[in-house]
2 protein chains.
Amino acid sequence: MTTYKNILVAIDLTEEAPQVLEKAKSLAQTHGAQLTLIHVVEPVGYAYGGDIPMDLTELQDQLDKAAHEQLAAYGDQYGISKDQQIVTVGRPESEIHRLAKEMNGDLVIVGSHGRKGFQLLLGSTANGVLHGSECDVLAVRIQQD
Amino acid sequence: MTTYKNILVAIDLTEEAPQVLEKAKSLAQTHGAQLTLIHVVEPVGYAYGGDIPMDLTELQDQLDKAAHEQLAAYGDQYGISKDQQIVTVGRPESEIHRLAKEMNGDLVIVGSHGRKGFQLLLGSTANGVLHGSECDVLAVRIQQD
């Protein structure tokens, strides 16, 4: 009996991504589920933007390109085909919810630092994904060195 | 290959518990994992307490007894033995973290309503469990009628 058939794993592109990918890959194998790899690029305007008019298109393009390349490298490493790799631009929580819904995902996997206090107030991706998700959410605890 | 060996499922005693239990049972079977059923009774003092001196011992005892009975009924229904049923008193998040640590749990399963906005600010058990957990946390999305 398998519980999940269509798993989405959303990663950032830090050195912590492999921990989440290992777990996701292992779960997809255990459940015989399809695994889709997602990375959400935040619009550069969110970080730099507003008051000073600038053309950020080129920077955004560079970020998108870097994200595609990194995701392709992970895809190779973890045996996730090009069709199952998605790079999208937007707010991580909203994009992950949208993709999970569009793809009829039954489980979304994200990394979590399990931080307390301030981090709880500030919110985190795991927290944001948990709230408002229409499917189950697995938060993989990142082990710090 | 199995990813989880020691799964804890924490339930409230509402009509939503079976949705969480079904998923937990199915996952434990898929992974060949041990499954422990947990319910945390909140101290009645938290709800009623402080200003007016009252002896709440009897009320607390009644709540504990009811929780044990309800958990035993679920245990029967889902094939979880008495040894693997735990009723404890305290703050749900803290108790769940404590038990997960003491028992070397590798996955904690809780129900989640996936609410947004206010609920996010107020916090929820799923949210509280996510933050500060030393193991992975699976939030099972409760399907409303």
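The values are calculated or read from the model by the stated rules, or taken from the named source; none is laboratory data. Here the structure is a predicted model, which is why all the values come from computation and not from measurement. Here Cβ is always computed from backbone atoms with ideal geometry, including for glycine, and neighbour counts include all displayed protein chains. The accessibility values were calculated without ligands, DNA or RNA, using every heavy atom of the protein model including side chains. Shrake-Rupley method; radii C 1.70, N 1.55, O 1.52, S 1.80 Å.
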*asked:* Being on the phi > 0 side of the Ramachandran plot, open to solvent by less than 50 Å² (accessible area, probe 1.4 Å), more than 14 Å from chain A (Cβ to nearest Cβ) and at pLDDT below 95 is the requirement here; does B:Gly114 meet it?
replied: no
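Looking at A:Asp61, A:Asp76, A:Asp55, which one is among the acidic types (Asp, Glu), part of a loop (DSSP other than H, G, I, E, B) and open to solvent by 50 Å² or more (accessible area, probe 1.4 Å)?
Going through A:Asp61, A:Asp76, A:Asp55 in turn, the sole match is A:Asp55.
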*Residues located in the range B:79-111, provided they are within 14 Å of chain A (Cβ to nearest Cβ) and in a strand (DSSP E or B)*: B:Leu107, B:Val108, B:Ile109, B:Val110, B:Gly111
